[in-house]
Structure formats: C-alpha cells, structure tokens
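Everything below concerns the one structure shown next.
The values are calculated or read from the model by the stated rules, or taken from the named source; none is laboratory data. Predicted model only: the values in this text are computed from it and were never measured. Positions of Cβ are generated from backbone atoms using ideal geometry, with glycine treated the same way; all protein chains shown enter the neighbour counts.
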Amino acid sequence: MDLIEFTDKGLCCKAGNFYIDPWKPVDNAVITHAHSDHAYAGSKAYLCHRLCKPLLQLRLGDNNYQTVEWEETIFMNGVKISLHPAGHIIGSSQVRVEYNGEVWVVSGDYKTEDDGLSEKFEPVKCHTFITESTFGLPIYNWKPQQEIFQDMKDWVCLNKEAGKTSVFIAYSLGKAQRLLQCLPEAGLPIFVHGAIWNVHEAITRSGFSLPDVQRVTYDTPKENYIGNIIIAPPGAEASPWIKRFTPYATGICSGWMQVRGNVRRRNADAGFALSDHADWKGLLATIKATGAEKVFVTHGFQAVLARYLTETGIEAAEVKTEFGNEEEENSTAVAEENQ
Amino acid sequence: MRLFAELVSTLGTSTKTNEKLQALSNYFATASEKDKVWVIAIFSGRRPKRVVNSTQLWTWCNELAQLPGWLFEESYHVVGDLAETIALLLPEAVNADASFPLHHYLETMTGIEKEDEIVRKTFILESWNSMTQTERFVFNKLITGNFRIGVSQKTMVNALAKSIQLDASVIAHRISGNWDPATTSFAELLSEHVVTTDYSKPYPFYLAYALEDDTQTLGDPDQWQAEWKWDGIRGQIIKRNDELFVWSRGEELMTDKFPEYHSLKNHLPNGLVLDGEIIPSENGRPLPFSLLQTRIGRKNVTKKQLLETPITFFAYDLLEYEGNDAREKILSERRLMLEKIVAEVNHPALLLSPVISFSNWEELAELRKQSREMGSEGIMLKRKDSIYQVGRKRGDWWKWKIDPLVIDAVMIYAQKGHGRRSRLYPDYTFAVRDGENLVSFAKAYSGLTDKEFAQVDHFVKRNSLEKFGPVRTVKPELVFEIAFEGIAASNRHKSGVALRFPRINRWRKDKPVAEINTLEDLKKMLEIYGK
C-alpha cells in the first residue's frame, strides 16, 4: 500500500489518517496553501503553516486550525509530518510525510524563484515526489522578476503620459501582494479592488507588513484614479466595475500571458508573464533536486511532464486531481473574487 | 530589428485602429529610409520568398533546444503559432541585443534564396543568436511568410499619409503594382515619376460596403446603375506600351495564369485599364467558383482545363483610356466608353458585365431574386454620377447580396483553436441525417456571439466522446442553422457536396436533432443551385 493514495476525496495518507488538500470534507486536512482549489471547507480539523491560517480564516471562516512553523515536526498516528516553504504565496508549503523510513513530498503549488514575499522555496529530499505541472511545457520559462517589474513600471509611465490609468489584473491572493513589491516604486497612489483589500487586511492583521494601498470605494472621486495604479482580480476585467477608471489600460499578470494569443483573447492592452508557479526549468531542476525515485505529476500538463520524465529516465506517472482545473480557472476566480 | 519588433508588439496588442495608426506613423517618423520601404512592402503583401520551410525551422530549433519532436508539437499546439513557438523554445541568445536593421535580414533573405541549405541554415542560426525573444518572433514571422497582425494596407497607407503629408489615395496608387523593395528607395517609391514609368502599375480598387438599409433610402432609382455581382476574382486588365498585365484585387500579378487573355494584347489599344471580374463562363453565363479554384494556384494550365474552365473577363469599369486616368469622370461617361471599347475589341474573352434595367426599387428587388439563376451573388448598385474612388467607401457604391442558403445541422466534432483561441474549441464540424446515420458535410468557424460561443465551448468540454489530438467528437445534440453562398458537387467529401463560405447563422435551440435536414435535402440543393 502506498504511503499516499489518490482517492476521490483527495490525497490520502491512510496510515496517518489525514488528507492533503482534500476537495471533500474529511476528519484531518493538511493544507498546502489558501487558494480555493487547495483549501475546501467542511473538514473537522486543519493543519497549516502559521502564515496560512489568517488566509484560511478569511476564506473558510472559523474552524479547528492547528498551525506549525516550517520544518517543525509533528506526528499523526505515528506518521511524521513537516511543512517546507513552497515559495508560491504567503504561507504556502510543501508537505513532507515520513513513515517507516519512507519519505513522500507533496509539492502543492510552488515556484522556485525567490519573490521576497513567500519564504524561498527549498527542494526536499524524498523517495516519492508529487509535483504540480501548471506550466509543464518548455515554452514556459520566466524572465527574472526584476525584469518583469521593470516592464510593469515602464508601462505605468507610458500610460500616465497618455493620460490613462493602469489597471493590473492579478489574483487577489498571491499575485496582488507580489505586485506591491514593485509598483510603489512608480511613486503613484495605488488603489485595490475590495477582494484584494480583504486579503491585504487579513495579511497585515497577522503581523505581516505590506505597502500602503487604498480601497476602491463607491464614493472615491473618479479624478483620484487618473494616471494612477489599480489592482483588480480577474473577472473585474469584464465587469461594469472597471468602467469608472476610463480612460484606462489593462495589464494582465499571469504565466498564461507568456503566449501572445492569450493577451489578445483576454482583450488586454498588455500581458505580463509573472507567475507564482514553477516554469519548465524550475520543475525539472526541482524534481532532480528531490532525488525522488518516483514522481507523480498532477494538475497542469501532467501527461507531457510525466512522459518527458520517463524518457529522461525518471519513473513518473500522471495523476488526475481536482487541483488547478485549467478549464475552470477563470470562472471560479470570478465567482470568488466578486463576493 | 528592435524598432520593427517593437512596432509589431504594439500593433499586436493594441485593439484600437487609432493606436495602430499612431504606432505606425511614429515608426515612419523614426525608422531609416530603407526599413520604411520594407515595412511598406510587408504591409502591402510584398514579402520576400520563403528561403526555408517550416520543417527546417523547427528541426533547427529542436537541435538548439534539445527537445524531443513530440514535445515541440505539444508546445506548438498550445501556442498555435509556429513562429512564436520557436521564439519561446530557443535557448537564450548569447548576444541578445546585437541585431541588425530590418532591411539587412530581408535583403539577405532575398540574396540566399538559391544557396545551399547550409548557407540558409547559417543565416537563420546567426540571426537567432543576435536577437531578443520578441525580435526572434518577428523574424520567424517574416520567414514563415505568415504575417497577419491586424494591420490592413489601408491603415498603413493612412499612417504614411500622416507622416509625409501626401493624400492617402495618391500613396495607395504609388505603392501599387510591381516594385522591388530591395532596389527601390523611399523617395523613388513615393515619387510621381515612378507612376508614369512603371507600365504595369494598377489603380487601387474602389470597393463597396454591403447595403444594410432599405433601397428606398437611396432615393431616385434613375440615379443608380444596377449590375449583377459576380463571384469571381476582381481584377484589372492593363494594356500599356504594347504589354498586357492582369492584376487581382490582392495585387497579385496573374497575367501568366490566364492564357485566354493573352491575345487581348493584340486587340486592346495602348493606355487602357479595365476593371472587372476574372471568371469562367460559357455563353456569357458564369460557371461556379469551385471551377475557378481549379485554375488558381496552378503554374501550368492543361488543355483540358482550358476547355473545361474557359476564363473570361466581365468588364464593368474603365479606369484609363488613351493613357489618361479616367477615374475622375462620372460612371455614366466611363460606362459609355467601356461599352464602345468592348464592342470594338470584339474578343471572346472580353465580355461586358451587363447593366440591369429597372424602373423602380420594387422591380429591382424582384429581379434580385433571380441572382442565383444568373450565377451571381446579388446586385451591385452604383450611383451614375460617381467617380472611381480609392478603397472601401460608403455612399456611391453598394453591394446588395442575396440571402445565403441555409440548412439545419448538428455539431459532431469540435477542434481546438489556434493562437488566441488555443485553449478553446472554436472550429466545428456539422452533419446532416442520412437515415439512421449522421454524415458530416461542413466545417464552420464564426457567427456566434461571445456568450453563445462560451456556452458551446462549455458543452464541448463536458460532452466529449473521444479525443483525437486537437479534435473532440461531441454528443450530437446542438443544432445550428448553417448558411452558405453556394454548393458544388465534390468527391473529396463524404457527403458528396462542397459548400462555399459555410458559417453558423444561428443556434437552433428550438430544434431537436431528429428534425435537422437530411443528405437528401442537400442533394436537392445541389441539383438546383450547383450547376
């Protein structure tokens, strides 16, 4: 019997009586991070990183949460568990599970570049590695964060010159905070959508410091926006909400923007391929660094990555999960963020 | 190359014509003379010939990127564009910021056309190695010769007009015809002198918009000339300096493709330009467009083809007479001269496109119903006192097309899109009933609203029966009305028919699959309209 099994409720460790990121209610859930496709409501007890808890509270309400620090060891039914930085968003973790000398690691979502916000990703040695593959194609290789940040600042300047407001489209949890690493350097006021404001509040309440932003409210005078910076979640792009910024230009921040067609399909004025997931090289380097003998590839281009790994001599198989359902990506984001 | 690559990125992401115009005129204000000539060439469809093919490009890319072929294909499938896929897969260049100006690459390309593969490969690899990712993308686009980025020749001409203060219609004329960007300077290209020395130069075509309002809004029917609208290739026949030239509307010189016209050289007077339709006909009656298609794209025409598909020219306008530009004369005058010339020349390949006589709009509406029987796709309305304008203009000329033929069919396959639609399923295949079976007969792409399209896409993703690469077979449940312009017999399709311009007319949510049209219905249509 495998230490971690793929069941219809999620990744299950029978020996430890817990699930990792289950998509149906269970007794014990270990949560990698607070994005909605990884953190579902209804479980009796949750285990997560200290920085993840306020975000889970924001999304799932009050529950029985237990928090740990990175690399802190706890046991469940004699199975050893520890969380390790995944570098994806604030409080995101990989889960290391050890039992009878066998080590499995579940990556959750991860990125290998240090974004200066989420703790820097570290590969964890293991026998079996369960990896995501959102951008598991060789066309996805990211430019360094600093270069993309520079492109963004340049774009803001261009818009300002043309008398336009710069509207960045970014996920409210993760990407929006990451943008705040660079946008304040443009020296302009930054306004955020209510959904982003809520996340911002939750994070700062937990003692984490983020640059100042203002909330877009019903009675903010429209002149305040002109030439300045707005951050809004996906879904706001096509809603009447965005009209108040006219004249404006939209710039979508997502790894999918690596392909020109996606920028045009979303009818955006600019696309910034800034991703919170590992790129192709990041995935391969990580898999190698774990030293895993066996790799399970989940959500994303699992078939492609599994085949490539197999051809390069690493035993790999694809696994279907409910994570990062590509086809739902946009619609769920809209439903969630517009609340 | 950097400047041009920036221009292409701006043009590619901007959604407003005004922004595109601005980007282009900025480019014309800053770029070097030589590069400007090439940009005019590129945006008016005058690219250098392909020096390497797609297979060579991706093979060399894979050698550099060290990827298995299947992985390249997977990537291509997601990106949907070969030039872009390669740009994304190539390892980072050593000298990423050392590119040459645009004209260097284009002129080298023209120069190595006949060289050995190794020379051409070296050129490509060295070029890649001095470029940024965006430059590589644009370069690959130029190489693969597939350069559609939403900029029309009209936009380019308008931008040029803005930056050199010359009338757009004058520019359109000067940059038309036969010129080589490698040897023509910017000043020469736009000078008046060239127009008078290049004997092959056609005039820019005057194009009509579709008539959307009622004919009554056009006023007095006496002011209008009506003609049949033909479904051939719009063209100009030019006779100057004892030479004959045939141009298509796409500004392609097609003189050699149609031997039927060659003896016109001995009959037409010099200094003559005719506007009309290149179309196969028998006894003055047009043959279907599908027959014309068998002639286009062929280098050598066989005797059999000449017999089966005799190409004629239905002349409907006169643009130059005795060496003088006649475009400022009014239509009724041009028409009189045209009729006289066609009668005098009396050549089997040169026919006069007839004028339809009518006394009121109701009568013309009745006559329009005979369009299909006439082998035409509707009626052209031209104001009798109109001059011959440049490009597509409203007001004086209108096309008044007949309603398309329609058939109700069920969707059976959906195919992934390319480029901006690479994560969606926008290509559908439709079937009609044949007893208990479904027979596919048409593929169609557009015609749905964004909202409907999203619903269909949703359905496809949840009702797939099988997957074959990019194609999914879907549960035959959604019924659509398919519109098309013509129907012809075909032994290449299972259904035995080929449709012209099939597209989705509307979604028949009201109609169950059991009530869609049958193969028998299609065959009946073929009998009526397919001749």
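Every residue, every condition in (1) modelled with pLDDT of 90 or more; (2) among the aliphatic types (A, V, I, L, M); (3) within 26 Å of B:Thr155 (Cα to Cα), yes or no:
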residue	(1), (2), (3)
B:Val37	yes, yes, yes
B:Ser44	no, no, yes
B:Val78	no, yes, no
B:Leu88	yes, yes, no
B:Leu102	yes, yes, yes
B:Glu107	yes, no, yes
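Among the residues of region B:436-451, none qualifies, meaning not one is buried (at least 18 other Cβ atoms within 10 Å of the Cβ), farther than 15 Å from B:Leu405 by Cα and within 14 Å of chain A (Cβ to nearest Cβ).
Taking the stated definitions as given, is B:Ala498 of a type in the set (Gly, Ala, Ser), farther than 15 Å from B:Asp408 by Cβ and in contact with a strand residue (DSSP E or B) (Cβ under 6 Å, 6 or more places away or on another chain)? The answer is yes for B:Ala498. Just one of the listed residues (B:Tyr388, B:Tyr425, B:Tyr413) is within 14 Å of another protein chain (Cβ to nearest Cβ) and either charged (D, E, K, R) or within 29 Å of the chain's Cα centre (by Cα) (or both), and it is B:Tyr425.
Each residue in region A:218-256 was checked for being touching a Ser or Thr at 6+ places or on another chain (Cβ under 9 Å) and either under 25 Å from A:Asp154 (Cβ atoms) or surrounded by fewer than 20 Cβ atoms within 10 Å (Cβ to Cβ) (or both), and 25 of them qualify. Of the helices (runs of 4 or more DSSP H) lying entirely inside region B:285-377, the ones with 2 or more residues being out of contact with any Ser or Thr (no Cβ under 6 Å at 6 or more places or on another chain) and under 30 Å from B:Ile528 (Cβ atoms) are found at B:289-293, B:303-308, B:361-368. Per the conditions (1) within 30 Å of B:Leu291 (Cβ to Cβ); (2) at pLDDT 90 or above; (3) surrounded by 15 or more Cβ atoms within 10 Å (Cβ to Cβ), the sole criterion not satisfied by B:Leu478 is (1).
Taken residue by residue, region B:122-137 has at least one member that is within 11 Å of another protein chain (Cβ to nearest Cβ) and crowded, with 21+ Cβ neighbours inside 10 Å. Put simply, of A:Val68, A:Val105 the only residue that is surrounded by 21 or more Cβ atoms within 10 Å (Cβ to Cβ) and in contact (Cβ under 8 Å) with a residue 12 or more places away in the chain is A:Val105. Summed over region B:134-172, residues that are in a loop (DSSP other than H, G, I, E, B) and under 16 Å from the mean Cα position of the chain (by Cα) total 8.
Only strands (runs of 3 or more DSSP E) whose full extent lies in region A:1-87 are considered here, and the ones with at least 1 residues that are over 21 Å from A:Thr204 (Cα atoms) are A:5-7, A:10-13, A:18-20, A:28-30, A:45-49, A:74-76, A:79-85. When region B:201-246 is filtered for residues that are of a type in the set (A, V, I, L, M, F, W, C), assigned to a loop (DSSP other than H, G, I, E, B) and buried (at least 20 other Cβ atoms within 10 Å of the Cβ), only B:Phe205 remains. Filtered by the rule that a residue be surrounded by fewer than 17 Cβ atoms within 10 Å (Cβ to Cβ) and of a type in the set (Val, Ile, Thr), region B:309-344 gives a lone residue, B:Ile330.
Scanning region B:50-72 for residues that are more than 14 Å from chain A (Cβ to nearest Cβ) and of a type in the set (Phe, Trp, Tyr) gives a single hit, B:Trp60. Checking the stated criteria, A:Val105 turns out to be in contact with a Cys (Cβ under 6 Å, 6 or more places away or on another chain) and hydrophobic (A, V, I, L, M, F, W, C). So which residues in region A:279-310 are in a strand (DSSP E or B) and closer than 20 Å to A:Gly255 by Cα, if there are any at all? Matches in region A:279-310: A:Val297, A:Thr298, A:His299, A:Gly300. Name the residues in region A:196-210 that are exposed (fewer than 14 other Cβ atoms within 10 Å of the Cβ) and touching a residue at least 24 places away in the same chain (Cβ under 8 Å), would you? Answer for region A:196-210, where residues must be exposed (fewer than 14 other Cβ atoms within 10 Å of the Cβ) and touching a residue at least 24 places away in the same chain (Cβ under 8 Å): just A:Arg205.
Scanning region A:239-269 for residues that are among the small types (Gly, Ala, Ser), within 13 Å of chain B (Cβ to nearest Cβ) and in contact (Cβ under 8 Å) with a residue 40 or more places away in the chain turns up A:Ala249, A:Gly251, A:Ser254, A:Gly255, A:Ala268.
With respect to the conditions (1) crowded, with 23+ Cβ neighbours inside 10 Å; (2) among the aliphatic types (A, V, I, L, M); (3) more than 18 Å from the chain's Cα centre (by Cα), A:Ala162 falls short on a single one, namely (1). Considering each residue of region B:20-30 in turn, none proves to be over 30 Å from A:Tyr248 (Cβ atoms) and either more than 26 Å from the chain's Cα centre (by Cα) or more than 14 Å from chain A (Cβ to nearest Cβ) (or both). Scanning region B:400-417 for residues that are among the β-branched types (Val, Ile, Thr) and closer than 22 Å to B:Phe468 by Cα gives B:Val410, B:Ile412. Of all residues in region A:35-50, those that are under 15 Å from A:Asn63 (Cβ atoms) have Cβ atoms under 6 Å from Cβ atoms of residues that are part of a loop (DSSP other than H, G, I, E, B) and of a type in the set (Phe, Trp, Tyr), 6 or more apart or on another chain, in A:Tyr40/A:Trp23. For region B:79-90, filtering for residues that are surrounded by fewer than 22 Cβ atoms within 10 Å (Cβ to Cβ) and under 20 Å from B:Pro426 (Cβ atoms) leaves 2.
Out of everything in region B:378-405 that is of a type in the set (D, E, K, R) and part of a loop (DSSP other than H, G, I, E, B), what residue ends up being farthest from B:Ala326 (Cα to Cα)? Ranking the qualifying residues of region B:378-405, first place goes to B:Asp403. Only one of the numbered conditions (1) within 11 Å of chain B (Cβ to nearest Cβ); (2) closer than 22 Å to B:Lys416 by Cα is not met by A:Tyr308, and that is (2). Any idea which residue in region B:91-103 is surrounded by the fewest Cβ atoms within 10 Å (Cβ to Cβ), counting only those that are more than 14 Å from chain A (Cβ to nearest Cβ) and either touching a His at 6+ places or on another chain (Cβ under 6 Å) or without any contact (Cβ under 8 Å) to a residue 60 or more places away in the chain (or both)? In this case the residue turns out to be B:Val94. Tallying residues that are in contact with a helix residue (DSSP H, G or I) (Cβ under 6 Å, 6 or more places away or on another chain) and of a type in the set (A, V, I, L, M, F, W, C) within region A:124-164 yields 6. Of the numbered criteria (1) out of contact with any strand residue (DSSP E or B) (no Cβ under 6 Å at 6 or more places or on another chain); (2) in contact (Cβ under 8 Å) with a residue 12 or more places away in the chain; (3) under 22 Å from B:Val342 (Cα atoms), the one B:Trp228 fails is (1). Within region A:88-98, being part of a strand (DSSP E or B) and polar (S, T, N, Q) holds for A:Ser93, A:Gln94.
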